[in-house]
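One structure is given below, encoded as structure tokens.
The values are calculated or read from the model by the stated rules, or taken from the named source; none is laboratory data. Because the structure is predicted, anything quoted here is derived from the model rather than measured. Here the Cβ is made from the backbone with ideal geometry for all residues, glycine too, and neighbour counts use every protein chain on show.
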Amino acid sequence: MGNDKTGEQRNGDLWIEGLLAIGRDQKMTPKQKSILQAAIEVFSEKGYSSAATSEIAQKAGVAEGTIFRYYKTKKDLLLSIVGPAMGQMIAPFVLRNFNGVLDMPFERYEDFLRAFMVNRLEFARKHFKILRILIQEIPFQPALKEQFIENVLGQVVERVTAITEHFKEKGEISIEVPTPAVIRFTVSSIFGYLLARLLLFPEYDWNDAAEIDLTIQFILHGIGGPALNAE
């Protein structure tokens, strides 16, 4: 299926609406909401390091000094977006979405992989702007990295490990390959595709169904030909 930038931008706005919903609970002012919305746009487009508070202020329709009335530094502004988003939105939403995938009784490991990939592609499309900020900033923000590992990876990996062990017992995954290695390779392959699809080469005319099938086959059988696999 082709790339729909307008649709992805529209779906990405769901993150802004959700974040502002948190803001309503915190009784944010209209100016503060405008600042957050503008910051999401600028951080997502340019990254934290290249984003200027003057540009955020201009997009929000406020004076630059107004930003610093609410947030002491640009970093505080960043953390005010991704911290609550991950802690109050991403972790529960990821787990709620994953539960629909991870708790289903799949007959084959291939069926699980396909459901997993479709689920993650849909999630990433809908929430692209905040996910892009997270991808860009987690490696450089220790507090975010720790929160991500604890709230997302820690709980999801436990479920994926149980599923992997289940399919090992069924003989669909080699028992000689350590489970952490299976998970690491599988997750790397899937998220490598998602990164290429949505972040690195979004302008390509992607056939998602075909790409998902290819990725699954690579995970299950490798990229060597029959002769190489038989050796």
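Answer yes if at least one residue in segment 104-117 is within 24 Å of Ser189 (Cβ to Cβ), of a type in the set (A, V, I, L, M) and modelled with pLDDT under 80, and no otherwise.
Quick first cut of segment 104-117, residues within 24 Å of Ser189 (Cβ to Cβ) only: 104-117.
Next, from what is left, pick out any that are of a type in the set (A, V, I, L, M): 104, 113, 115, 117.
Applying the additional criterion that residues be modelled with pLDDT under 80 yields 104.
The answer is yes; a qualifying residue exists.
Scanning segment 179-189 for residues that are over 17 Å from Leu134 (Cβ atoms) and of a type outside the set (D, E, K, R) yields Thr179, Pro180, Ala181, Val182, Ile183, Phe185, Thr186, Ser188, Ser189.
Select from segment 165-186 the residues that are among the β-branched types (Val, Ile, Thr) and touching a residue at least 24 places away in the same chain (Cβ under 8 Å) and write down the one among them that is surrounded by the most Cβ atoms within 10 Å (Cβ to Cβ). Walk me through it before giving the result.
Just the residues of segment 165-186 that are among the β-branched types (Val, Ile, Thr), to begin with: 173, 175, 177, 179, 182-183, 186.
Then drop every residue that is not touching a residue at least 24 places away in the same chain (Cβ under 8 Å), which leaves 173, 183, 186.
Working: Ile173: 18, Ile183: 15, Thr186: 22.
Taking the candidates together, the pick is Thr186.
Among the numbered conditions (1) over 26 Å from the mean Cα position of the chain (by Cα); (2) at pLDDT below 90; (3) of a type in the set (A, V, I, L, M), the only one that Leu78 does not meet is (1). Of the residues making up segment 150-195, those that are among the polar types (S, T, N, Q) and not in a helix (DSSP H, G or I) number 1. Listed by first and then second residue, the pairs linking a residue in segment 29-43 that is closer than 12 Å to Ile130 by Cα and without any contact (Cβ under 8 Å) to a residue 60 or more places away in the chain to a residue that is assigned to a helix (DSSP H, G or I) and charged (D, E, K, R), with Cβ atoms under 6 Å apart and 6 or more places separating them unless they lie on different chains, are Val42/Glu55.
Within segment 100-149, being without any contact (Cβ under 8 Å) to a residue 60 or more places away in the chain and not hydrophobic (A, V, I, L, M, F, W, C) holds for Gly100, Asp103, Pro105, Glu107, Asp111, Asn119, Glu122, Pro139, Pro142, Lys145, Glu146. Within segment 199-213, can one find any residue that is at pLDDT 85 or above, hydroxyl-bearing (Ser, Thr, Tyr), within 30 Å of Gln37 (Cα to Cα) and part of a loop (DSSP other than H, G, I, E, B)? The answer is yes; a qualifying residue exists.
Candidates are the residues of segment 129-167 that are modelled with pLDDT of 80 or more and among the aromatic types (Phe, Trp, Tyr); the one that is nearest to Leu77 (Cα to Cα) is Phe140.
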